[in-house]
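Values in this text are rule-based calculations from the coordinates and carry no lab data. None of the values given here were measured: they were computed from a predicted structure. Cβ coordinates were reconstructed from backbone atoms using ideal geometry, including for glycine residues, and neighbour counts include every protein chain displayed.
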Amino acid sequence: MNPIVKNILAVIAGWLGGSIINMSLIQMGHKLIPIEGVDPNDMEALAAVMPTLEFEYFIFPFLAHALGTLVGAAIAGLIAANHKMKFSLSIGGLFLLGGIMVNYMLPGPIWFAATDIVIAYIPMAWLGGKMAGKISKSK
């Protein structure tokens, strides 16, 4: 397969795979730790209640962001024809942009926004790239 096409597919597959993990964990969090009286699909209601929520309500969003990025970056690194780490980190950059947007649209506590933006994206993308590199070398 043409390396350019393979690299484009790597980014698409990484973004899609990471997004599936992300949304699955967010939905699981809403089921396991529901916010009483708030429809999780109502962005305005969520935005209004976010600053008042306790720590446990932020566990699944953080896991969703971190694991979605990790898996997406690993997928991109495994599929990419070359520059595997760069493609893994590009997935981290895409998810970081999304995370910044979500933290802007649903402003929660500062500690969560800082932790989320600093730990859940670029470091997880780097780990995903490292994992992909080790898996690729062992084949």
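Points worth noting:
- Estimated from helices alone, the mean residue ellipticity of the chain at 222 nm is -26000 deg cm²/dmol (sum of -39500 (n - 2.57) over DSSP H runs with n ≥ 4, per residue).
- Percent of Cα-Cα distances greater than 12 Å, calculated over the stretch 9-63: 69
- Least to most buried among Asp116, Asp39 (fewest other Cβ within 10 Å first): Asp39, Asp116
- Between the stretch 3-18 and the stretch 98-139, the alpha-carbon centres lie 18 Å apart.
- Computed over the chain, the quotient of the alpha carbon radius of gyration and 2.2 N^0.38 Å is 1.13.
- Packing-based exposure ordering (other Cβ within 10 Å, fewest first) of Ile91, Ile4: Ile4, Ile91
- Listed by chain and number, the aspartates and glutamates placed with their C-alpha closer than 15 angstrom to that of Lys137 amount to none; residues fewer than eight positions away on the same chain are left out.
- Debye intensity ratio in log₁₀ form over the Cα atoms of the stretch 50-94, taken at each q of 0.22, 0.25, 0.34 Å⁻¹: -0.68, -0.78, -1.10
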